[in-house]
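> Sharing a structure with you now.
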């Protein structure tokens with residue numbers, strides 16, 4: 001773990017790009033996220049995976065009618081092979097939609113000296129939105145490249161993009177974000 005003497009300004013937070021969460025709706029974003037992660041790693045920018053890690057009886061499955069997925073100890077919680085993680089990356093388990101709620105993500109980022117986040121992954125209207133909004137409220141500068149997040153329903157993805165835009169977090173493409181690294 002990096003201390004303040006080795007602080008970095010930016011980090012990439014990859015939300016829920018796990019075997020149980022990645023379906024056909026998000027196959028198009030995988031090459032964009034991979035490109036971003038490769039460039040970030042080349043520049044020494046931390047890559048952090050905020051991953052669903054649930055128990056079979058978690059409320060989300062019954063109350064929110066969410067399919068049972070990402071159960072701790074199963075193959076489904078692993079990050080998809082196309083993205084890593086690499087030995088230098090950090091994997092944070094999360095029980096709620098936000099990568100920050102009840103996890104050590106904020107502590108980890110602050111210990112690294114991170115002030116700016118690039119948030120990518122699935123689902124735009126759920127976990128990506130919650131993670132980005134919590135990051136904003138915690139004082140981080142937040143960027144969300146539109147072509148690095150997805151939701152099964154295109155209309156919900158568009159709604160999430162509008163919300164990111166309202167809060168000045170939306171970036172049109174991974175190419176624009178890479179130019180800021």
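The values are calculated or read from the model by the stated rules, or taken from the named source; none is laboratory data. Just so you know, these numbers come straight off a predicted model, no measurement behind them. We place every Cβ from the backbone using ideal geometry, glycine too, and count neighbours over all the protein chains shown.
> Would you please name the residue that is farthest from residue 23 (Cα to Cα), looking only at residues in the range 152-177 that are under 16 Å from the mean Cα position of the chain (by Cα) and in a helix (DSSP H, G or I)?
Checked the range 152-177; the qualifying residue farthest from residue 23 (Cα to Cα) is 177.
> Across the range 40-54, what is the total count of residues that are surrounded by fewer than 16 Cβ atoms within 10 Å (Cβ to Cβ) and either touching a residue at least 40 places away in the same chain (Cβ under 8 Å) or touching a helix residue (DSSP H, G or I) at 6+ places or on another chain (Cβ under 8 Å) (or both)? Talk me through it step by step, then tell me what you get.
Keep residues of the range 40-54 that are surrounded by fewer than 16 Cβ atoms within 10 Å (Cβ to Cβ), which gives 42-44.
Then keep just the ones that are either touching a residue at least 40 places away in the same chain (Cβ under 8 Å) or touching a helix residue (DSSP H, G or I) at 6+ places or on another chain (Cβ under 8 Å) (or both); that gives 43.
Final tally of qualifying residues: 1.
> Can I ask one more? Give me the residue from the range 93-151 that is at positive phi and part of a loop (DSSP other than H, G, I, E, B) and, out of that set, modelled with the lowest pLDDT.
102
> Taking the range 13-60 as the region of interest, how many residues are farther than 17 Å from residue 149 by Cα, more than 16 Å from the chain's Cα centre (by Cα) and either in a loop (DSSP other than H, G, I, E, B) or modelled with pLDDT under 95 (or both)?
Residues flagged as farther than 17 Å from residue 149 by Cα, more than 16 Å from the chain's Cα centre (by Cα) and either in a loop (DSSP other than H, G, I, E, B) or modelled with pLDDT under 95 (or both) within the range 13-60 amount to 9.
> If a residue has to be closer than 21 Å to residue 8 by Cα and touching a residue at least 60 places away in the same chain (Cβ under 8 Å) to count, how many in the range 26-39 make the cut?
Result for the range 26-39: 4.
> Any chance you could count how many residues in the range 116-141 are free of Cβ contacts under 8 Å to residues at least 40 places away in the same chain, surrounded by 24 or more Cβ atoms within 10 Å (Cβ to Cβ) and farther than 20 Å from residue 23 by Cα?
The number of residues fulfilling the criteria is 1.
> Go through (1) touching a strand residue (DSSP E or B) at 6+ places or on another chain (Cβ under 7 Å); (2) surrounded by fewer than 19 Cβ atoms within 10 Å (Cβ to Cβ) and name the single condition residue 74 misses.
For residue 74, the exception is condition (1).
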